[in-house]
Structure formats: C-alpha cells, structure tokens
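Quick note: the coordinates plus some simple rules give every number you see, no bench work behind them. Computed from a predicted model, the values in this text were never measured in an experiment. Note that each Cβ is placed from the backbone with ideal geometry, even for glycine, and that neighbours are counted across all protein chains shown.
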Amino acid sequence: MKRLLALILLFSAPPLMACAQTWPGRAGPPPPGYNPHAAQAEQHRQAMESLRLQADRREADAARMRLQTDQTLRRLEAARSPAPAAPPSTAWSPRPTALPAPATLTPPPDQTAPGVAEIDAWLSRSPH
C-alpha cells in the first residue's frame, strides 16, 4: 500500500510542479531608484540587440551559402565535358534523290459526263 501511494505521488508530482506560478520579482516594495519605465526600456533594448545578432547570423549564413553555391557551380562547370564544336563527319555524303515525274492529270469523272461541254460553252458565252 505504501508503495502504491509513493508511486501515485511520484507520477502526479511533476505535472503539479510544472503548473506552479512564480512571483515576478520579490515581495515588498521595489528597491530605491527602481524605475519601471527604465526597466522596460532595458528589456526592449536587450530584445532589439538579440534580434540584431540573430539577423547578423542569418546574413552571415546567407553569404556563406551564396559562396558555397558559387563554388559548387564552378566545380560542376569545370567537370562538365565540353560540347563538340561541329557534328562528326560521315563516311558518305547523302545525295538527294530525284523526285518522280508528275502523273498526268485527268479531269474528274463528273466533268466527262454527257452535257458538261454544253454547260461549259454556255458559261463561256460573251455577255449581252
């Protein structure tokens, strides 16, 4: 029974301690010469300094990465095999083949039908 109680306390104590609130500052009146506005300004100054240092670190990292990128590109371009200046010559020279003779054109079948010559003559007549 004692072990069970000890285990319950052991497992329930850390979450309870995590929820504990601490008092900001010490109890009692502030020390002489304490100015809450100056303290807040100092906190802001420290936060701004921290942000500046963080920005400087990021800028240095970006410059380092640009340098590494340039070095990598140069190394890859130097390792690239050069492209051939001209296409390789062939053992034979291709000659164009002559085109076949054009086929003789025959009029379409509907123009050889009976009466087409009369219609053509009528269309070819001189105007009035």
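Tell me whether the range 55-120 comes out rounded, prolate or oblate; compute the Cα gyration tensor, take square roots of the eigenvalues as a ≥ b ≥ c, and use a/c under 1.5 as the rounded threshold. Mind dumping the intermediate values first?
Details: a/c = 13.68, a/b = 2.71, b/c = 5.04.
It comes out oblate by the Cα gyration axes.
Given a Förster distance of 41 Å, report the FRET efficiency between Ala62 and Ala83 from their Cβ-Cβ distance, rounded to the nearest 0.05.
0.75
When only DSSP loop residues count, what trypsin sites (Lys or Arg not before Pro) in the range 43-128 have their Cβ near at most 15 other Cβ atoms within 10 Å?
Arg80, Arg125
What distance in nm lies between label points placed 7 Å from Cα along the C-beta direction at Gln46 and Thr72?
The modelled label-to-label distance comes out at 3.9 nm.
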